[in-house]
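Q: Take this structure, written in structure tokens, and hold onto it; I'll ask about it next.
Laboratory data are not the source of any read-out in this text; all were calculated from the coordinates shown. The model shown is predicted, which means the values in this text are computed figures rather than measured ones. All Cβ positions, glycine included, derive from the backbone under ideal geometry; neighbour counts span all protein chains shown.
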Amino acid sequence: MLKKPFLIVVGIIFIVTLAGCNPENNTQRNSDHPINVTEISAKNTYDQSKSNKAKKILSKKENITRVLAANTDKILIIAIEIPHHERFGLQKVNKELSKEMDEEFKDIKVELVTDKKIVIELEKIEERLQNHDITKKELEKELKHISKLLKEQT
């Protein structure tokens, strides 16, 4: 008598488990759905075409969820976010992507970071660039400040 309810409960648990493993319910980003990349106007205070190019290249990478970038004539700072479960391999990913970006942009100093503070700072800079609310001098100062912060961390 006890076997029938037990089998029903086990069956329900099995069905619920299978439903949870459905790939359509997966919250990870598929390569079919590219990440949202905000392109900054190249006709801005500073030509941001290098930043936009870096964003396009990095947004095609499977393990990147967000890309932010800003540049001056001398420096390109790129901030990326990766899924939390992939942070154990962060050093390797950072090294590989930094090398790729250095090869792509040989005429400019490239700094690729994953630090959340820098992501937030670059987000503010991108917003100001988008709104035409930053001067050339302010942009240089902000990126120089971020570069200085990066050197302090290492």
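Q: So, in segment 109-154, of the ones that are touching a Ser or Thr at 6+ places or on another chain (Cβ under 8 Å) and in a helix (DSSP H, G or I), which residue ends up surrounded by the fewest Cβ atoms within 10 Å (Cβ to Cβ)?
A: Top of the filtered list is K136.
Q: Scan segment 98-108 and give yes if some residue there is touching a residue at least 60 places away in the same chain (Cβ under 8 Å) and over 18 Å from L58 (Cβ atoms), otherwise no.
A: no
Q: Does segment 119-130 contain any residue that is more than 15 Å from the chain's Cα centre (by Cα) and in contact (Cβ under 8 Å) with a residue 60 or more places away in the chain?
A: Yes, there is a match, as at least one residue in segment 119-130 is more than 15 Å from the chain's Cα centre (by Cα) and in contact (Cβ under 8 Å) with a residue 60 or more places away in the chain.
Q: Residues of segment 82-108 being buried (at least 18 other Cβ atoms within 10 Å of the Cβ) and assigned to a helix (DSSP H, G or I), which ones?
A: V93, L97, M101 - these are the residues of segment 82-108 that are buried (at least 18 other Cβ atoms within 10 Å of the Cβ) and assigned to a helix (DSSP H, G or I).
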